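Written below as structure tokens is the structure these notes are about.
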Amino acid sequence: MHSVPSLSYAFDALEPYIDARTMEIHHDKHHAAYVTNLNKALEAHPDLAGQPVESLLRQMAAIPEAIRTAVRNHGGGHANHSLFWSVMAPNAGGAPAGDLASAISHSFGSFESLREKLTAAAMGQFGSGWGWLVAAQDGSLEVLARPNQDSPLMEGKTPLLGVDVWEHAYYLLYQNRRADYLNAWWNTVSWNAVAERLRQARA
């Protein structure tokens, strides 16, 4: 059975950038619904139900066709949100350091360039979806935008940092001002968490 991971910080810990009410609804309602629906889809497939959601998404072609769309949507929603909570933190933001900073400079020229590219990808995602910083199989970094709850794991890539641009992620505080939300969101990024994800991806 999959479950919603607990937050490592309080609902109001990311204020003023993300408000407590949005965090509570997003985590306890939206994420919980993805998990409930994923577990329901996997009920008749105990061999799959015991696998980590990341493994399911990496082998989408092997998922039975009858539940493939449910696993893609709800499994993707579960994996994406689990990452989202983990790469944000109170008193975070700023710029990355160390090996992560070097990798970003190597792939994008500078952190400022990465920030511009990822913000543009998230802004340009029509409708609901995500902006991603991912590690490709060769360890290089890329920026992607993907619709709905599609995960980069389905393409054999490892998500390092993701920003949710579904309206439920920001509408209470920002309404239709996605650009304001994205600008504020950078202040919540935990670069230590992103660096650890890169280290694991390259191990």
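Only the coordinates and a few stated rules stand behind these numbers; no lab work does. What you see is a predicted model, and the numbers here were worked out from it, not measured in a lab. Cβ coordinates were reconstructed from backbone atoms using ideal geometry, including for glycine residues, and neighbour counts include every protein chain displayed.
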So what's the net charge close to residue 23: Lys and Arg +1, Asp and Glu -1, counting the other residues with Cβ under 10 Å from its Cβ? -4
At q = 0.18 Å⁻¹, work out log10 I(q)/I(0) for segment 1-52 with the Debye formula, treating every Cα as an identical point scatterer and leaving solvent out; two decimals please. -0.63
Helix-derived mean residue ellipticity, 222 nm - over the chain, DSSP H n ≥ 4, -39500 (n - 2.57), to 500: -12500 deg cm²/dmol
Going by how many other Cβ atoms sit within 10 Å of their own, how do 154, 88 line up, fewest first? 154, 88
Among rounded, prolate and oblate, which fits segment 22-110 when a ≥ b ≥ c are the square roots of the eigenvalues of its C-alpha gyration tensor, a/c under 1.5 means rounded, and a/b larger than b/c means prolate? oblate
Check the straight Cα-Cα distances from residue 29 and name the aspartates and glutamates below 16 Å, setting aside those fewer than 8 residues away within the same chain. 19, 164, 167
Restricting to Cα atoms and excluding each atom paired with itself, what does the Kirkwood estimate give for segment 112-203 in Å? 13.5
May I ask you to sort 130, 185 by Cβ crowding, counting other Cβ atoms within 10 Å and putting the fewest first? 185, 130
May I ask you to list the lysines whose Cα is less than 26 Å away from that of residue 157, ignoring any residue fewer than eight positions away on the same chain? 117
So for 19, 99, 47, fewest C-beta neighbours within 10 Å to most, what's the order? 47, 99, 19
Residue 49: net charge of surrounding residues, Cβ under 13 Å, Lys/Arg +1, Asp/Glu -1, itself excluded? -1
Separation of alpha-carbon centers, segment 51-65 and segment 6-42, rounded to whole Å: 23
Mean projected area in nm² (Cα convex hull; one quarter of hull surface) for the chain: 10.8
Enumerate the amide H contacts of residue 88 below 5 Å, restricted to partners 5 or more residues apart or on another chain; note that Pro and chain-start residues carry no placed amide H. 190
Calculate the dipole size of the chain relative to its Cα centre from +1 charges on Lys and Arg beta carbons and -1 charges on Asp and Glu beta carbons; express the result in debye to the nearest 20. 220
